[in-house]
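> Pasting in a structure now, in structure tokens, and then I'll have a few things to ask.
Values quoted throughout were computed directly from the atomic coordinates according to the rules given, and no laboratory measurement underlies them. Bear in mind that the values here come from a model prediction, so they are computed numbers and not experimental data. Every residue, glycine among them, receives a Cβ derived from its backbone with ideal geometry; neighbour counts consider all protein chains shown.
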């Protein structure tokens, strides 16, 4: 599985052997927006059109388009994990927020 990005939106891309085409869905929003194409160049174009269409549809309906993320994240973790993260952040000379951002980024980009 791979991703594409456009205007802050990301798409999850898969290949369907059954349909002999690439299939994508915008990730990180509650609305379901999909697209497909036979090759990568057409898939990129279909993704960008899907995002533009999604934004236009939301505007036409008078509602805000869902954003993939606000940048604020609240986590509940066991106290021992919180404590270990605080220590790791301090040892690395970072705030807990900086350390957690780096850890999440590394984990997310590994997928």
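> Which of the peptides 83-89, 27-33 is most tightly packed, and how do the rest follow, judged by the mean count of other Cβ atoms within 10 Å per residue?
Answer by packing, highest mean first, reads 83-89, 27-33.
> No solvent, one uniform scatterer per C-alpha: report log10 I(q)/I(0) for segment 6-57 via the Debye equation at q = 0.14, 0.17 1/Å, two decimals.
The calculated log intensity ratios at q = 0.14, 0.17 Å⁻¹ are -0.32, -0.46.
> Given R₀ = 35 Å, what would the calculated FRET efficiency be for residue 82 paired with residue 109, taking r from the Cβ atoms and rounding to 0.05?
E(calc), rounded to 0.05, equals 0.90.
> How far is helix 96-109 tilted off the main Cα axis of the chain, in degrees rounded to 10, range 0 to 90?
40
> Taking Kirkwood radius over Cα pairs in Å as the quantity of interest, determine which of [x] 15.1; [y] 16.6; [z] 15.8 was computed from the displayed structure.
[y]
> How big is segment 30-70 on each of its three principal axes, counting only the C-alpha atoms and giving the largest first in Å?
Projected onto its principal axes, the Cα set of segment 30-70 covers 33, 22, 13 Å.
> With the cut-off at 19 Å, report for segment 60-111 the share of all Cα pairs above it, as a whole percent.
Cα-Cα pairs in segment 60-111 separated by more than 19 Å: 43 percent.
> Treating the angle as unsigned and between 0 and 90°, give the value, to the nearest 10°, between the Cα long axis of helix 40-61 and the longest Cα principal axis of the chain.
Taking Cα atoms only, the helix is inclined about 80 degrees.
> Roughly what angle does helix 79-91 make with the longest principal axis of the chain, taking Cα atoms, 0 to 90 degrees, to the nearest 10?
Approximately 80 degrees, to the nearest ten.
> So what is the relative contact order for segment 7-111, in percent, with contacts set as C-alpha pairs under 8 Å and at least six apart?
Rounded, it is 17 percent for segment 7-111.
> As a test of the formula, what do you get for the chain when each DSSP H run with n ≥ 4 contributes -39,500 (n - 2.57) and the sum is divided by the residue count, at 222 nm and rounded to the nearest 500 deg cm²/dmol?
Theoretical 222 nm ellipticity from helices: -14500 deg cm²/dmol.
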